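Colleague: First the structure, then my questions, so here it is.
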Amino acid sequence: MVASFQSTFNPARIIFGPGKLDAVADEIAGQGASRALILSTPFQKADAVALAEVLGDKAAGVFADAAMHTPVKVTEQAMAQYNETGADCVVALGGGSTIGLGKAIAYRNDCPQIVVATTYAGSEVTPILGQTEDGIKTTVRDASILPEVVIYDPLLTLGLPVGMSVTSGLNAMAHSVEALYAKDKNPVTSLMAVEGIRALRDALPVIVKTPEDEAARGEALYGSWLCGSVLGTVGMSLHHKLCHTLGGSFDTPHAETHAILIPHTTAYNEAVAKADLQPAADLFDGDLGTGLWEFARDLGAPLSLRDLGLAEDDLDKAADIAVKNPYWNPRPVEREAIRALLQNAWAGNRPTSGG
Ligand code: NAD
């Protein structure tokens, strides 16, 4: 029996396929715009400049200083260039850092955003923006933040380094795992979540062996779209709270932190959310927490928080912060169990349901 539910899906236009970067010019016009400021990180500047050259007078310029955690100072510099050049939309070419900058601009001036997503993090399909000022990260959710158009071109991900492909893919899977037991889940978000995990489960081992495999790159990007979509639609729980705690207070890197913690947080919640997680567990022949840990290990993903430079002495403080104002979670968030979970993840051990 289908239980009662409510659902609001985020309206976004999705264009998917090899070579679809070519669609940017038409999509700028489709938004009623004519001059785009192209955004990227310094690392992807050459790609942004090449895109600007192809766009010709539809490009107002390139701003290639996007940075992790969307610093407000960087947004202000980009806004100044946006205004000086008479831009009327942005094209964000990159992963979550670049997409965050596009969102921060749109949050301030409501300009249309076209995103060309090149990692699996999923930010392109959420109305959520995290930005930092004076070392403090704040998160806002607003309709103006959701990009209007998302282009997924697997060819642009062929050069995403294998290590980042793996951690970014596990980051995407973490959105779907939490969507399966979300308080506000519905039958469609659960279908999307399982299919997203399935696609990444199939694609990532192929990418590790053959990074330039176009079909696997397409499959991974398709999975990341599904995982990002559920992140933008339903509430997240313990796993995302722990990742925000470690990233926010101890500066651990985003995708790696997700990759290391997801088997442990899954095992913690699997103790009470077994039925919700079963369709995903079936993809890994057994418990989902253990299955994800073995999957990550076999892909060569980092397994221990220690390897990210987190000190063992910090685990008490991390547990204290994580249990303060917890997000809704299917299993009560108890300090001692969370401390044990963190110890296990710090050491790189197999996950256990006790912590
Ligand atoms: P990222 O955007 O920081 O990218 C990491 C590096 O990889 C950058 O130098 C980038 O230029 C490079 N890169 C990206 N794509 C590449 C490609 N295809 N080939 C070669 N190099 C490439 O990493 P990320 O994990 O995508 O994003 C992390 C950030 O996104 C965090 O700040 C996180 O908080 C945010 N995020 C936000 C949301 C949201 O909904 N608001 C969701 C997920 C992540």
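The values are calculated or read from the model by the stated rules, or taken from the named source; none is laboratory data. The model shown is predicted, which means the values in this text are computed figures rather than measured ones. Quick reminder, even Gly has a Cβ in these numbers, built from the backbone with ideal geometry, and neighbours come from all protein chains shown. Side chains included, ligands, DNA and RNA excluded: accessible areas come from the protein's heavy atoms. Shrake-Rupley method; radii C 1.70, N 1.55, O 1.52, S 1.80 Å.
Colleague: Looking at (1) within 14 Å of the ligand (Cβ to nearest atom); (2) open to solvent by 10 Å² or more (accessible area, probe 1.4 Å); (3) more than 14 Å from the chain's Cα centre (by Cα), which is the one condition that is false for Ala92?
Modeller: The failed condition is (2).
Colleague: On to the next question. Restricting attention to segment 155-195, which residues are assigned to a helix (DSSP H, G or I), closer than 20 Å to Leu93 by Cα and near the ligand (Cβ under 10 Å from one of its atoms)?
Modeller: Leu155, Leu156, Thr157, Met164, Ser165, Thr167, Ser168, Asn171, Ala172
Colleague: Out of all the residues in segment 121-134, is one or more open to solvent by 30 Å² or more (accessible area, probe 1.4 Å) and either of a type in the set (A, V, I, L, M, F, W, C) or without any contact (Cβ under 8 Å) to a residue 60 or more places away in the chain (or both)?
Modeller: yes
Table: residues versus (1) touching a strand residue (DSSP E or B) at 6+ places or on another chain (Cβ under 7 Å); (2) basic (Lys, Arg); (3) open to solvent by less than 80 Å² (accessible area, probe 1.4 Å); (4) part of a loop (DSSP other than H, G, I, E, B).
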site	(1), (2), (3), (4)
Ala3	no, no, yes, yes
Ala25	no, no, yes, no
Ser34	no, no, yes, yes
Val54	no, no, no, no
Val62	yes, no, yes, no
Met68	no, no, no, yes
Gln77	no, no, no, no
Gln81	yes, no, yes, no
Ala87	yes, no, yes, yes
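Colleague: Does Gly228 satisfy being within 15 Å of the ligand (Cβ to nearest atom), open to solvent by less than 10 Å² (accessible area, probe 1.4 Å), more than 16 Å from Ala296 (Cα to Cα) and assigned to a helix (DSSP H, G or I)?
Modeller: yes
Colleague: Does segment 308-324 contain at least one residue that is in contact with a Ser or Thr (Cβ under 8 Å, 6 or more places away or on another chain) and assigned to a loop (DSSP other than H, G, I, E, B)?
Modeller: So far as segment 308-324 goes, yes, one or more of its residues are in contact with a Ser or Thr (Cβ under 8 Å, 6 or more places away or on another chain) and assigned to a loop (DSSP other than H, G, I, E, B).
Colleague: Can you pull out every residue in segment 275-307 that is open to solvent by less than 30 Å² (accessible area, probe 1.4 Å) and not in a helix (DSSP H, G or I)?
Modeller: Within segment 275-307, Ala301, Ser304 meet the criteria.
Colleague: Sticking with this structure for a sec: What number goes with the only condition from (1) closer than 19 Å to Ala172 by Cα; (2) touching a residue at least 24 places away in the same chain (Cβ under 8 Å); (3) touching a helix residue (DSSP H, G or I) at 6+ places or on another chain (Cβ under 7 Å) that Asp298 does not pass?
Modeller: Tallying (1) closer than 19 Å to Ala172 by Cα; (2) touching a residue at least 24 places away in the same chain (Cβ under 8 Å); (3) touching a helix residue (DSSP H, G or I) at 6+ places or on another chain (Cβ under 7 Å), Asp298 fails exactly one: (3).
Colleague: All but one of (1) more than 25 Å from the chain's Cα centre (by Cα); (2) open to solvent by 60 Å² or more (accessible area, probe 1.4 Å) hold for Asp314; state the number of the condition that does not hold.
Modeller: Here Asp314 meets the rest and fails (2).
Colleague: Please go through segment 325-355 and pick out each residue that is crowded, with 18+ Cβ neighbours inside 10 Å, in a loop (DSSP other than H, G, I, E, B) and at pLDDT 95 or above.
Modeller: Once the filter is applied, which keeps residues that are crowded, with 18+ Cβ neighbours inside 10 Å, in a loop (DSSP other than H, G, I, E, B) and at pLDDT 95 or above, segment 325-355 yields Asn329, Pro330, Val333, Pro351.
Colleague: Can you name the residue in segment 95-117 that is open to solvent by 10 Å² or more (accessible area, probe 1.4 Å) and polar (S, T, N, Q) and is also farthest from the ligand (Cβ to nearest atom) among such residues?
Modeller: Among residues in segment 95-117 that are open to solvent by 10 Å² or more (accessible area, probe 1.4 Å) and polar (S, T, N, Q), the one farthest from the ligand (Cβ to nearest atom) is Asn109.
Colleague: Okay, moving on. In segment 237-274, which residues are over 16 Å from Ala179 (Cα atoms), open to solvent by less than 20 Å² (accessible area, probe 1.4 Å) and in a loop (DSSP other than H, G, I, E, B)?
Modeller: Hit for segment 237-274 is Thr252, nothing else.
Colleague: Could you tell me which of the residues Glu219, Glu195 is open to solvent by 40 Å² or more (accessible area, probe 1.4 Å) and under 25 Å from Gln6 (Cα atoms)? Quick ask: steps written out before the conclusion?
Modeller: Details: Glu219 fails: under 25 Å from Gln6 (Cα atoms).
Exactly one residue qualifies, and that residue is Glu195.
Colleague: Which members of segment 118-127 meet the condition of being touching a strand residue (DSSP E or B) at 6+ places or on another chain (Cβ under 9 Å) and either more than 15 Å from the ligand (Cβ to nearest atom) or not aliphatic (A, V, I, L, M) (or both)?
Modeller: Selection gives Thr118, Thr119, Ser123, Glu124, Thr126, Pro127.
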